[in-house]
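*Asks:* For reference, the structure I am asking about is given below.
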Amino acid sequence: TAGLALAAAAMIVIALSVTPQPGRNPNLSLVSVAHATSVGEIRTVKLPDGSSVTLDTDTRVEVAFDDKVRKVRLQRGRARFDIRPEPARAFLVEAGGKIVSAPQGNFDVQAAPAGLSVASLRDALEVRRQTEGLDAKAGLRIQPGQAVRFAASGEPLAPAGPAEKGSDQWVSGMLVFHGAPLSAVLEETNRYASRGIALGEPSLGAIKVTGAFRPLPVDQLAASLAAALKLRVQRDADGNLTLVRP
């Protein structure tokens, strides 16, 4: 009958929809999910392949794994990747118009309005333009212990060189600076707080800062900076903190 014929056709469609595609491996994890941290939060997320990603403050990533490739898109913020080797699938990080590829290893990627930063902590990795794809000629190779920064245009600001000492400590909530202008220090530390620290006058931004600081709690950071730089913390009625001259 017509009803039985329609039922049989439906069964065929269902059967076709679950038939594995040639060349696909259903035993490998297929996943598409996003992870994000709030301001001031640092969190480590386990990935389906056993790798992990640590998200810095106000960071968002999109994880897209299939049986051909392991891909993570860093939409904003900074992340540390600890990659488990898996010869069958490449591990790619897309950020700032670049693709960072590594068969294994441990590395940081930061996507900011000013540009992209990549640092290798363990094992070598490659960075290339996202438009080039993996079949293009070898990209910029970064050796363990090296880092490179790209301008917003995508061009390297300098050749890959030694990573700044202590720059890998952010995962423990510690930020290290070596002769950095106070304005740059506050730009970095204020990313961790909904209400950051201001400067009483622009000239204070040129003061050089060397040391290790925790960005939170903000009150303690302001007190530490004031003590180290011989400044004073001024607090207004709303609780806003400003560094001023004594």
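The values are calculated or read from the model by the stated rules, or taken from the named source; none is laboratory data. As the structure is a prediction and not an experimental result, all values here were calculated from the model. Here the Cβ is made from the backbone with ideal geometry for all residues, glycine too, and neighbour counts use every protein chain on show. The area values use the complete protein model at the heavy-atom level, side chains included, leaving out ligands, DNA and RNA. Shrake-Rupley method; radii C 1.70, N 1.55, O 1.52, S 1.80 Å.
*Asks:* K68: accessible area at probe 1.4 Å, nearest 10 Å²?
*Replies:* 110
*Asks:* Tally Lys and Arg at +1 and Asp and Glu at -1 over the other residues with C-beta under 10 Å from the C-beta of R89: what net charge comes out? It would help to have the intermediate numbers written out before the result.
*Replies:* On the way: positive: K68, R70, K71; negative: D49, D66, D67, E86.
That works out to -1.
*Asks:* Who wins for biggest fluctuation among E126, E62, E155 in a Gaussian network model of the chain, springs between alpha carbons below 10 Å?
*Replies:* Between E126, E62, E155, it is E155 that shows the largest mean-square fluctuation.
*Asks:* Largest first, how would E94, E187 line up by accessible area (1.4 Å probe)? Write out the running numbers ahead of the final one.
*Replies:* Numbers: E94 30, E187 140 Å².
Highest to lowest solvent-accessible surface, that is E187, E94.
*Asks:* Here's a follow-up. If I take every Cα pair under 8 Å that is 6 or more residues apart in the chain, average their sequence separation and divide by the length, what percent do I get for the relative contact order? Write down the numbers at each step before the final one.
*Replies:* Values: 501 pairs, mean separation 26.3, N = 246.
It rounds to 11 percent for the chain.
*Asks:* Which order do T59, T242 take when ranked by solvent-accessible area (1.4 Å probe, heavy atoms of all protein chains), largest first? Could the numbers behind the result be given before it?
*Replies:* Values: T59 0, T242 30 Å².
So, going from the largest accessible area down, we get T242, T59.
*Asks:* Another question, if that's okay. Using a 1.4 Å probe, how large is the accessible area of H178, given in Å² and rounded to the nearest 10?
*Replies:* Estimated to the nearest 10 Å², H178 gives 90 Å².
*Asks:* Each label point is 7 Å from the Cα along the Cα-to-Cβ direction; what then is the distance between the points at H178 and L199, in nm?
*Replies:* 2.2
*Asks:* Among [x] 1.14; [y] 0.96; [z] 1.01, which is the computed Rg/Rh (Cα atoms, Kirkwood Rh)?
*Replies:* Among [x] 1.14; [y] 0.96; [z] 1.01, the one derived from this structure is [x].
*Asks:* So what are the ³J(HN,Hα) numbers for the stretch 233-238, from phi and the Karplus equation (6.51, -1.76, 1.60; θ = phi - 60°), rounded to whole Hz, Gly and Pro as x?
*Replies:* Whole-Hz 3J(HN,Hα) from phi for the stretch 233-238: 8, 10, 10, 8, 5, 8.
*Asks:* Can you give the % of DSSP beta bridges in the chain that are antiparallel, to the nearest 5? Walk me through the intermediate numbers first.
*Replies:* Numbers: 62 of 70 bridges.
Expressed as a percentage, antiparallel bridges in the chain total about 90.
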